[in-house]
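Enquirer: I'd like to ask you about the structure that follows.
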Amino acid sequence: MIGKESTAGRATKFTFLGLWLVFIVFPLYWITITSLKAPGDIFAFPIAYWPEHFSLENYSGLFGKADFGVYLTNSLIVATVAAAIATVISMLSAYVLARFEFRTKSALLMAALVTQMIPTFIALGPLYLLMTDLKMVDNRLGLILVYIAVCIPFCTVMLRGFFENIPDALEEAAMIDGLSRFGALFRVLLPVMRPGIIAAFIFNFVNCWNELFLSVTLMNSDSNKTVPTALNGFISSFNIDWGSMSAAAVLTILPTMVLFAFASRHIVQGLTAGAVKG
């Protein structure tokens, strides 16, 4: 009886997992298939779940008619630079919050958490006025600075949990051997923290890569637009260019998929180690 219940339970579990997998994978499959259809076949009826003829017309149109290569380059530069700088600043901030006690420590942690509860679009107006005064509207450097400010709070809290999971004795032993505090941080703690730092960088990179509201608000010229802004441009008042949008979406998803594929082990280690205080 127990064996039958166990078998039934496993069958139910795998059934639900299979349905969930279909629910997750089918949109990706449909976007990819749509991008490989000729523009005239996208709205054909009956619906073709596997087209008879594949076409790269949507992809060629992206780079021929639109400057999608420029958008990809802008997104790559902005996301990489912002993620790297935000990760470094967050690492130093998290180290201070994890290793030192001071009066405003709790207030800083609470402020970092509260910022995550505020929707980004609420600050768009004041932020646009501020960036206009600083003459950084339609400027990649301005967008990078904004993304850094957005990424730091959560990343700091995440890395603080990772620092607290590393024994103080490891750092103290390095300082007894003659290393300064910074030397112990960069030569002893950072190699141990590699999974957490990689997880933080990827989290920041994906957030910057996918962000839309700030990019649309602060970037006006085609030479400075990022990929999410370009995707938004395929939607007009009376029409949606589904073929080009699907092709652009596939090219937008690929970098993050590759990043997660190569760094998945570090991401899991970093998130789990930082989630539990030892």
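Enquirer: Can you name every residue in region 256-265 that is open to solvent by 70 Å² or more (accessible area, probe 1.4 Å) and at pLDDT 80 or above?
Expert: M257, V258 - these are the residues of region 256-265 that are open to solvent by 70 Å² or more (accessible area, probe 1.4 Å) and at pLDDT 80 or above.
For (1) crowded, with 17+ Cβ neighbours inside 10 Å; (2) at positive phi; (3) out of contact with any helix residue (DSSP H, G or I) (no Cβ under 6 Å at 6 or more places or on another chain); (4) part of a helix (DSSP H, G or I), each residue gets a yes or a no:
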| position | (1), (2), (3), (4) |
| --- | --- |
| V137 | yes, no, no, no |
| C155 | yes, no, no, yes |
| G178 | no, yes, yes, no |
| C208 | yes, no, no, yes |
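Enquirer: Would you be able to say whether some residue in region 85-107 is part of a helix (DSSP H, G or I), at pLDDT 85 or above, open to solvent by less than 60 Å² (accessible area, probe 1.4 Å) and touching a Gly at 6+ places or on another chain (Cβ under 7 Å)?
Expert: No, region 85-107 contains no residue that is part of a helix (DSSP H, G or I), at pLDDT 85 or above, open to solvent by less than 60 Å² (accessible area, probe 1.4 Å) and touching a Gly at 6+ places or on another chain (Cβ under 7 Å).
Enquirer: Kindly indicate the residue of region 81-112 that is touching a residue at least 12 places away in the same chain (Cβ under 8 Å) and of a type in the set (S, T, Y) and also nearest to A199 (Cα to Cα) among those meeting that condition.
Expert: Just the residues of region 81-112 that are touching a residue at least 12 places away in the same chain (Cβ under 8 Å), to begin with: 81-87, 89-91, 93-95, 97-99, 109, 111-112.
Among the residues that remain, those that are also of a type in the set (S, T, Y) are: 87, 90, 93, 95.
Values: T87: 10, S90: 12, S93: 16, Y95: 16 Å.
Top of the filtered list is T87.
Enquirer: Go through region 19-71 and give me each residue that's within 25 Å of the chain's Cα centre (by Cα) and of a type in the set (A, V, I, L, M). Reasoning before the result, please.
Expert: Here is the first cut: in region 19-71, the residues within 25 Å of the chain's Cα centre (by Cα) are 20-35, 59, 62-63, 66-71.
Listed by number, the residues that qualify are L21, V22, I24, V25, L28, I31, I33, L62, A66, V70.
Enquirer: Working only within region 71-108, note down all residues that are among the aliphatic types (A, V, I, L, M) and in contact with a Lys or Arg (Cβ under 8 Å, 6 or more places away or on another chain).
Expert: I77, V78, A94, L97, A98
Enquirer: Consider only pairs whose beta carbons are under 6 Å apart and that are at least six residues apart or on different chains; among these, list those whose first residue lies in region 213-236 and is free of Cβ contacts under 8 Å to residues at least 60 places away in the same chain and whose second residue is among the hydrophobic types (A, V, I, L, M, F, W, C) and open to solvent by less than 40 Å² (accessible area, probe 1.4 Å).
Expert: What qualifies is L231/A248; F234/M245.
Enquirer: Being in contact with a Phe, Trp or Tyr (Cβ under 6 Å, 6 or more places away or on another chain), part of a helix (DSSP H, G or I) and open to solvent by 60 Å² or more (accessible area, probe 1.4 Å) is the filter here; which residues of region 212-255 pass it?
Expert: F213
The values are calculated or read from the model by the stated rules, or taken from the named source; none is laboratory data. Since the model is a prediction, treat every value here as computed from it, not as a measurement. Note that we place each Cβ from the backbone using ideal geometry, even for glycine, and neighbour counts take in every protein chain shown. What goes into the accessible areas is simple: the full protein's heavy atoms, side chains included, and nothing from ligands, DNA or RNA. Shrake-Rupley method; radii C 1.70, N 1.55, O 1.52, S 1.80 Å.
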